[in-house]
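Each remark here refers to the structure printed beneath this line.
A short reminder: the numbers here are calculations on the coordinates, not readings from a lab. Computed from a prediction, not measured in an experiment: that's the story for all the values here. Positions of Cβ are generated from backbone atoms using ideal geometry, with glycine treated the same way; all protein chains shown enter the neighbour counts.
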Amino acid sequence: MRFDYKIYYEDTDAAGVVYFANYLKFLERAKTDLMSAYGINIAEWHKKFIFLAVRKVNIRYRKPVEFGDILTVDIEIKSIKKASIQYTYCLTAKEIVVCEAEIDSVCMNGEKKPVIIPKEWRTALENISIDP
C-alpha cells in the first residue's frame, strides 16, 4: 500500500535534508495508516493493552530528501508469525528510491510480554498480504 507525506521544515536538519531518525516516523505513520485502512484502530487496541513494539529495524539510506518534497512510502507485509509482523518499506521522492527498510514488530500485552496477534488483526493483515 502506498502513502504520501509532505516534508516540512521540522523534518529536516541543518543541511536542509530529512534528519535520519525522522525516517522512522514516516515508517511508523505508514504502518499505522496501513492498519487503519484495513480497519485496525491502533488507539482502540491500546485501550485493551495490546501493543506493537519494534523489535528490529534494518534501514538503508540511498539519497537525501529535502524540505518541500513529497515522500512516498510503499509498505508491504513480509510475514505474519504467531506474535510478530514483519514489514518492508520502499521510500521514494521524485520517483527515485531514497530509502529501504524492514521492521520486525512483536505484539505485546500491558505487561510487555509477547502475545498472539489478535484474530481480527491476522484476518485483516492476511488480506493485505494477498491484495494485488
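List of remarks:
- Cβ-placed point charges (K, R +1; D, E -1), dipole of the chain about Cα centre in debye, nearest 20: 640
- Unit charges at the beta carbon, dipole of the chain: most positive-side option, I116, V106, N22: I116
- Protection proxy ranking, peptides 80-86, 21-27, average beta carbon neighbours within 10 Å, highest first: 21-27, 80-86
- Whole-percent pair-distance distribution, where bins are 5 Å wide, for the alpha carbons of the chain: 2, 10, 20, 22, 17, 13, 9, 5, 1, 0
- The chain: angle of helix 22-37 to the longest principal axis, Cα-based, in degrees nearest 10: 50
- Of the peptides 98-107, 62-71, 41-50, the ranking by mean beta-carbon count within 10 Å, highest at the top, reads 98-107, 62-71, 41-50.
- Over the chain, DSSP H runs of length four or greater, each weighted -39,500 (n - 2.57), average out per residue to a 222 nm ellipticity of -8000 deg cm²/dmol.
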